[in-house]
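Remarks on the structure that follows.
Values in this text are rule-based calculations from the coordinates and carry no lab data. Here the structure is a predicted model, which is why all the values come from computation and not from measurement. Here the Cβ positions follow ideal geometry from the backbone for every residue, glycine too, while neighbour counts run over all protein chains shown.
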Amino acid sequence: MNISVVGLGKLGAVLAAVAAGRGHHVTGVDIDPAVVNAVNTGVAPVQETGLDDLLARNVERISATTQMESAVACSDITFVVVPTPSKPDGMFSLEFVLPAVRSIASVLRNSTKYHLVVVSSTVMPGAMESSIVPAMEHLSRKKCGLDFGVCYNPEFIALGSVIRDMLNPDMVLIGESDPVSGGILERFYGTLCAGSPPLVRTNFVNAELAKLALNTFVTTKISYANMLAEICERLPGADASTVCAAIGLDSRVGAKYLKGAFGYGGPCFPRDNKAFLALSDHLCVDAALPKATDQINSRQVQRLAGKLLELSPRPESVSILGMSYKPNTHVIEESQGVMLAQHLLHSGVQVVVYDPAAMPAVRSALKGPAYFASTMEECAAASSVLVIATPWEEFKTLHPRHLRTAPPRPLVVDWWRILRPAEFLGTADYLGCGLGMEKVEQNSVCADAAPDLIGEQL
């Protein structure tokens, strides 16, 4: 097939490269000439694992332009992958989507062939039916479902593993204007995916809501695990890893995202949860779950910072390993590590930070007396308090010899529990998220707890 992709950002550039890798001829469209030039020379316009190599291997099937008309005219399917920023009320804006689909519709006005337009950008439920399709019909002077087709097809991917996730999705979700459009997109995914993932074809609003609901469900699962970890810390002998692993074995629950560590971050989860809450408020539904999810997530940084200052009052400095919001990406948007660093800086504590990929972004983001280490070892040795805020694979190699040797005794805060605590016995104090202390003081247990529960656990 001949494919055009409008928006060559974190998702669009990968979609273009993956489609080309599967034998399709792809024309990318972007308003940034630097992005267009990068793609035309086989260079990835964004940082993503494996993207440089994939583009370079398929450069003969990929071209890019700033001209929408030529790209749409020479393609059978156009994917719209542009940002949908959050508005002040939490809803997603169509400020980039609508200009894109209007430009496409202007091209379709003079076309005689059936063209499929696929919106992959995340939009609010109702947006396709009430705004996007009417705008296209008005400018094209044609009828959706008869003269051209439209699908809503959000991706379920994670930065750092976008190529893998796109080739091996858990499912493909298609909201279709008509069966012909859905059938064309289904055949396209038959060539794209490595296996045969479940494929859901439905109307627009069900697909729009499913995308938002899935991400919100995952954030709820993360906050539940973090709440569970906090409970474990107050019960002698409790271990969040053991508890989460046990309940994750139940097929009704599942192990993914059930860890009990830091809160969620990144460009999708926080804003999707807020958008779901905004939608619920708009529909006059009391959505207690997304409210609680957001509240639990919002207090994770303060919770850890409080522990640090309690265990090590007035530390000279705190070293933090991991600034990206998750491993294998340079993105620091809504990063818990960055938030922790900024919180400590505001409290008058100097911070030393290191991340394998995110240091350029962190240098611009942090305000205050921060020191930017060039290696994991340099960061670990710089302070008596060391926090692992992002579970990069590299950090699993941390060894007692990397720690600061000068007094006071080092404190290793392994918030993702990726180390072997026994290796640090005699060298440092160890604190892991979700690990119950050896003894529980009577006054450390919530006053509202039932007396028989306190007695049983003590």
Would you grab the residues whose amide H sits under 5 Å from the one on Gly260? Only those 5+ places off in sequence or on another chain, please, with H modelled 1.01 Å from N.
Asn226
Before anything else, pin down the relative contact order of the stretch 366-423: Cα pairs under 8 Å, at least 6 apart, normalised by residue count, whole percent.
39 percent
Quick check: the distance between the Cα centres of the stretch 306-332 and the stretch 83-147, to the nearest angstrom?
43 Å
The stretch 291-419, convex hull of Cα, quarter of hull surface, nm² -> 7.5 nm²
Restraint check, Lys307/Lys396; Lys211/Lys291; Lys221/Lys326; Lys87/Lys143; Lys10/Lys87; Lys211/Lys274, Cα-Cα greater than 25 Å:
Lys87/Lys143
Residue-wise HN-Hα coupling along the stretch 29-44, computed from phi with Karplus coefficients 6.51, -1.76, 1.60 (Hz; x: Gly, Pro):
10, 8, 7, 8, x, 5, 5, 4, 5, 4, 4, 5, 9, x, 10, 5
Tilt, helix 336-346 to longest principal axis of the chain (alpha-carbon atoms), in degrees rounded to tens, equals 50 degrees
Could you give the C-alpha radius of gyration of the stretch 1-154 expressed as a fraction of 2.2 N^0.38 Å, taking N as the number of residues it contains?
1.01
Which of Asn203, Pro45, Ala382 sits closest to the plus end of the dipole of the chain, meaning its Cα is farthest towards the positive end, when Lys and Arg get +1 and Asp and Glu get -1 on the C-beta?
Pro45
Using +1 on the beta carbon of Lys and Arg, -1 on that of Asp and Glu, and nothing else charged, what's the dipole of the chain about the Cα centre, debye to 20?
460 debye
To one decimal place, what Kirkwood hydrodynamic radius in Å is obtained for the stretch 132-273 from all pairs of distinct Cα atoms?
17.8 Å
Amide H neighbours of Val117 under 5 Å, counting only residues 5+ apart in sequence or on other chains, H built in-plane at 1.01 Å?
Thr78, Gly149, Val150, Cys151
Which whole-Hz ³J(HN,Hα) couplings does the stretch 371-386 yield from phi under the Karplus relation 6.51 cos²θ - 1.76 cosθ + 1.60, θ = phi - 60°, glycine and proline marked x?
10, 9, 6, 9, 9, 4, 5, 5, 5, 5, 7, 7, 9, 7, 10, 10
Contact order normalised by residue count of the chain, Cα under 8 Å, 6+ apart, percent
11 percent
Using alpha carbons only: equivalent-ellipsoid semi-axes of the chain, gyration tensor based, whole Å:
45, 26, 19
Measuring from its Cα centre, the stretch 107-216 shows a charge dipole (+1 at each Lys and Arg Cβ, -1 at each Asp and Glu Cβ) which, in debye to the nearest 20, is 340 debye
Compute the distance in nm between two label points, each set 7 Å from the Cα along the Cα-to-Cβ direction, one at Ser130 and one at Leu146.
2.5 nm
In deg cm²/dmol, rounded to the nearest 500, the helical mean residue ellipticity at 222 nm of the chain, built from -39500 (n - 2.57) for every DSSP H run of length 4 or more, is -11500 deg cm²/dmol
Cα extents of the stretch 205-345 along the three principal axes, largest first, in whole Å?
54, 33, 31
To the nearest 20 Debye, how big is the dipole of the stretch 1-74 about its Cα centre, given +1 on the beta carbon of each Lys and Arg and -1 on that of each Asp and Glu?
200 debye
Step through the residues of the stretch 140-149 one at a time and calculate ³J(HN,Hα) from phi using the Karplus curve (6.51 cos²θ - 1.76 cosθ + 1.60, θ = phi - 60°), rounding each to whole Hz and writing x for Gly and Pro.
7, 6, 10, 9, 5, x, 10, 9, 8, x
Mean separation of Cα contacts under 8 Å, 6 or more apart, over the residue count of the stretch 206-330: relative contact order %
28 percent
Rule-of-thumb Rg ratio for the stretch 1-69 [Cα; 2.2 N^0.38 Å; N residues]
0.92
